[in-house]
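Read the structure below first, then the notes.
Read-outs throughout are calculated quantities, based only on the coordinates presented, and are distinct from any laboratory measurement. Because the structure is predicted, anything quoted here is derived from the model rather than measured. FYI the Cβ positions are ideal-geometry reconstructions off the backbone, even for glycines, and counts take in every protein chain you see.
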Amino acid sequence: MSSSPSLRLLLSDCVLPANEARILLAHVLEKHYQLPRSALLSRDDMVLNEAASTDWEALVSRRTNGDPIAYLLGKKGFHNIELLVAPGVLIPRPETELLVDIALGEIAKLNQPTLILDLGTGSGAIALAIASAAPLATVIATDQSPEALGIARQNAQLLDLHNQVEFAQGSWYEALDNRSLFDVIVSNPPYIANLDPHLTQGDLRFEPLSALTDYASGLSCLEAIIAGVDQCLKPGGLIAVEHGFDQSEAVVQLMQVAHLIDIQVHLDLAGHSRVVSGRKSL
Ligand code: GLN
């Protein structure tokens, strides 16, 4: 009689790196048996039923093919929230949490109801993380992709933040139909240059190209966002944008050209300059 493999054997025989195999098997256990991750150890002699086993094999084969873990799980943790993610949106990155923390610092300083704009929201990560941590903030989040906005709206519902975050479709400031002035503008726009080799490596191969590259020098979206800031920022208001590791000088220059003051470069946890912020003069 051929015996079906135990969880222990599935893990030890898996072609994936051990940590990835554990993440995917824990996902299968949660989905098919509502078991916590600790069951990988406490129930390691368990044998998967047919549906769970088919799922496991499909996940391993898709991961071997390069599919990002976040798309396979359908979710990704970011700042203090968890987001649904799917191939129509960029997978939120840990370095982008810096942008959230800068916005939250400003909101705390203002200590009153604030209006925040997140340009190019994707899954809604930045907008929803801000709203979740700052109940006094109202956030408008834009994206030109209706598919991304669909996922972002779903995330707002699931996190019960739909009364605090409003979504608008369109390219950068064109998405806004009124003349609101914002206390803080944040954006993580596509900033990878056309034909940058990173676009054909790792997770990026599976993410929407339009969320990664401007199909030009990498600076054109940052330029459009910074150039338009004067119309939409309150006097004294703050803008903070994420950029590539080698773009901070160029972004500082764009902010100088836009007559912003108090321009600061912020480092991510890896020590790369990752965000530049500036302020509109009073
Ligand atoms: N931070 C992403 C990466 O380097 C790029 C996201 C973007 O272009 N905004 O993979």
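The table for this structure:
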read-out	value
Gyration tensor over alpha-carbon atoms, region 30-69, equivalent ellipsoid semi-axes in Å	21, 12, 9
For the chain, built as a Gaussian network whose Cα springs stay under 10 Å, the top-fluctuating residue of ILE23, ILE81, ILE126	ILE23
Quotient of Cα Rg and 2.2 N^0.38 Å for region 1-78, N being how many residues it contains	1.05
Kirkwood-based Rg to Rh ratio, region 92-189, C-alpha trace	0.93
Environment charge of ARG93, counting only residues whose C-beta is closer than 12 Å and scoring Lys/Arg +1, Asp/Glu -1	-4
Diffusion constant of the chain at 4 °C, which comes from Stokes-Einstein with the Kirkwood Cα-pair radius and 1.567 mPa s, µm²/s	64 µm²/s
Estimated D of region 142-282 in µm² per second, where Rh is the Kirkwood radius over Cα pairs and Stokes-Einstein applies at 20 °C, 1.002 mPa s	132 µm²/s
Under 12 Å, Cβ to Cβ, from ALA51 - net charge with Lys/Arg +1 and Asp/Glu -1	-2
Cα lying deepest toward the dipole's positive end in region 44-154, options ALA108, VAL85, LEU149, charges on Cβ	ALA108
Eligible lysines near LYS234 by straight Cα distance, threshold 16 Å, same-chain separation 8 or greater	LYS109, LYS280
Span from the region 1-80 Cα centroid across to the region 198-241 one, whole angstrom	36 Å
